[in-house]
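The values are calculated or read from the model by the stated rules, or taken from the named source; none is laboratory data. As the structure is a computational prediction, the values presented were derived from the model and not from experiment. Positions of Cβ are generated from backbone atoms using ideal geometry, with glycine treated the same way; all protein chains shown enter the neighbour counts.
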Amino acid sequence: MFYLDNSATTWPKPDIVYTTMDSSFRQMFSPKRGTSRASRMGGAKLDEARQAIANLCHIPHPNQVFFTSGATHALNLAIQSFPWKAGDGVVMSAIEHHAVSRPIRKMAREKGIQFYIVPYTDELPFDLAAYEGLLKKHPNIRMVATTHASNVIGSILPIEAIGRLAHQYDSVYLVDAAQTAGVFPIDVQAQNIDILALPGHKSLYGPPGVGALYLNPSLQLNSFMEGGTGGDSGKHDMAFEVEVGTIPLPLILAFAEGVKWVQEKGIETIHAHEKALLEQLLSGLNQLSEVTIYGHQRPDEKTPVVSFTVRGYEPEILGAILFDDYGIALRSGYHCAPMAHEAIDTLGKGGTIRASIGYFTKAEDITALLSALKEVITQNCSVDTASVG
Ligand SMILES: Cc1ncc(COP(=O)(O)O)c(C=O)c1O
């Protein structure tokens, strides 16, 4: 298989991630649940895992890091437990994933909040004036929520500047770093981030089913999930807690090993490798006149993700052909982000095919995709000519 679907989930993972999952599952228990040495060892390892995430994102204290089942869980938790009042406002970008836009739309329906959308254009993907305009015009805005980079077209948003504006207008800033954690540096303090959602299974090379949430300690959120925490067990009611129930220790420890692996490799090294392959991919696709590439093509300002279509092919059908006949794994359709597809005018038209690069992607994977596309296009042209003839 030529694997080019790293934006969905990176594959393969570093060996240490697989071995940690196995060994911790066999040898450790989740902490605060038993008197055994295995449970105590689990507690110590959990503290180390929290510290690893804190180090990665410059989070001042590891107790501000909470483990979740993924970025979706982290985002829902933060958005749905925010203390909204009817009439409050929230701003989001026009390229959000469902994991941000759906909970916001739900809060609009159920809590009566208003949401405002900052439009996206290729020429001006970083339209700070639009954010400022909304914040100035609507003093009811209490949260700005944006992705760090689009999972469809890879465009990066200027989070530091957006966060500064949000704070200037007394809003909190939530960042969905699903597509950037491990690819671009994240610093919650320097980038003015109050709420940060991280997935374990993408560019932090952990397993699926785990992620993390950073919350600025000044935030007062409502309770989201109730249950056992292993502490305060004699009380009937509980205070706000993120980690409720028995935590998935093997997933968390494997995730932390992925994070440490990324830091040891170095985000700059990872990014340089991926950027070189991104350039190879863009240059090859640009030579195929039947291919349309969506979003801007400035490699320094995007993640290694390229959305494209091929004239005469439904993205879903082309995706199936490329896997079934050539073994190339991509993703077709709307990528859980119809807003982004609306922004690039592919909504209702089958979306795009997306190729996404990870640290384990090789030049051969890109070459395989480009030559398969050439072959498919040539065959299609010859079929067309034959039928015309
Ligand atoms: C931009 C973005 N946000 C959120 C998510 C959800 O992440 P998770 O799979 O960790 O729930 C994804 C996953 O595709 C994503 O690309």
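Here is a list of conditions, (1) farther than 18 Å from residue 55 by Cα; (2) modelled with pLDDT of 95 or more; (3) away from the ligand (no atom under 12 Å from the Cβ); (4) among the polar types (S, T, N, Q), and residue 223 meets all of them except one; can you say which number that is? Condition (2) is where residue 223 drops out. The residues of region 12-38 that are of a type in the set (A, V, I, L, M, F, W, C), under 12 Å from residue 206 (Cβ atoms) and in contact with a Phe, Trp or Tyr (Cβ under 7 Å, 6 or more places away or on another chain), listed by number, are 16, 17. Figure legend. Inter-residue proximity from region 198-217: first residues in the same structural domain as residue 183 (by TED's automatic domain parsing) and farther than 17 Å from residue 175 by Cα, second residues among the polar types (S, T, N, Q) and more than 10 Å from the ligand (Cβ to nearest atom), beta-carbon distance below 8 Å, spacing 6+ or different chains. Indicated pairs: 201/10; 205/10. The residues of region 22-38 that are over 30 Å from residue 185 (Cβ atoms), polar (S, T, N, Q) and surrounded by 15 or more Cβ atoms within 10 Å (Cβ to Cβ) amount to a single one, 30. Of the residues 358, 350, 319, the single one that is not in a loop (DSSP other than H, G, I, E, B) and not aliphatic (A, V, I, L, M) is 319.
Pick from 332, 289: which is small (Gly, Ala, Ser), surrounded by fewer than 19 Cβ atoms within 10 Å (Cβ to Cβ) and under 28 Å from residue 347 (Cβ atoms)?
289
Regarding residue 149, is this residue out of contact with any helix residue (DSSP H, G or I) (no Cβ under 7 Å at 6 or more places or on another chain), within 14 Å of the ligand (Cβ to nearest atom) and more than 25 Å from residue 240 (Cβ to Cβ)?
yes
Assessment of region 233-241 against the conditions (small (Gly, Ala, Ser), away from the ligand (no atom under 16 Å from the Cβ) and under 22 Å from residue 90 (Cα atoms)) yields no matching residue. Restricting attention to region 165-177, the residues that are within 11 Å of the ligand (Cβ to nearest atom) and charged (D, E, K, R) add up to 1.
When residues in region 278-313 are screened for being in contact with an Asp or Glu (Cβ under 8 Å, 6 or more places away or on another chain), aliphatic (A, V, I, L, M) and in a helix (DSSP H, G or I), 0 of them pass. With a requirement of 1 or more residues that are more than 16 Å from residue 166 (Cα to Cα) and outside the structural domain of residue 344 (by TED's automatic domain parsing), the helices (runs of 4 or more DSSP H) lying completely within region 68-149 that satisfy it span 71-80, 98-111. Residues that are among the charged types (D, E, K, R) and within 13 Å of the ligand (Cβ to nearest atom) within region 178-208 comprise just one, 202. Checking the structure you have, find out if any residue of region 309-328 is without any contact (Cβ under 8 Å) to a residue 40 or more places away in the chain and within 16 Å of the ligand (Cβ to nearest atom). No: region 309-328 contains no residue that is without any contact (Cβ under 8 Å) to a residue 40 or more places away in the chain and within 16 Å of the ligand (Cβ to nearest atom).
Looking for something surrounded by 18 or more Cβ atoms within 10 Å (Cβ to Cβ) and within 16 Å of the ligand (Cβ to nearest atom) - is there at least one such residue anywhere in region 39-53? Scanning region 39-53, I find at least one residue that is surrounded by 18 or more Cβ atoms within 10 Å (Cβ to Cβ) and within 16 Å of the ligand (Cβ to nearest atom), so the answer is yes. So is residue 39 without any contact (Cβ under 8 Å) to a residue 60 or more places away in the chain, hydroxyl-bearing (Ser, Thr, Tyr) and assigned to a helix (DSSP H, G or I) or not? Considered against the rule, which asks whether it is without any contact (Cβ under 8 Å) to a residue 60 or more places away in the chain, hydroxyl-bearing (Ser, Thr, Tyr) and assigned to a helix (DSSP H, G or I), residue 39 comes out as yes.
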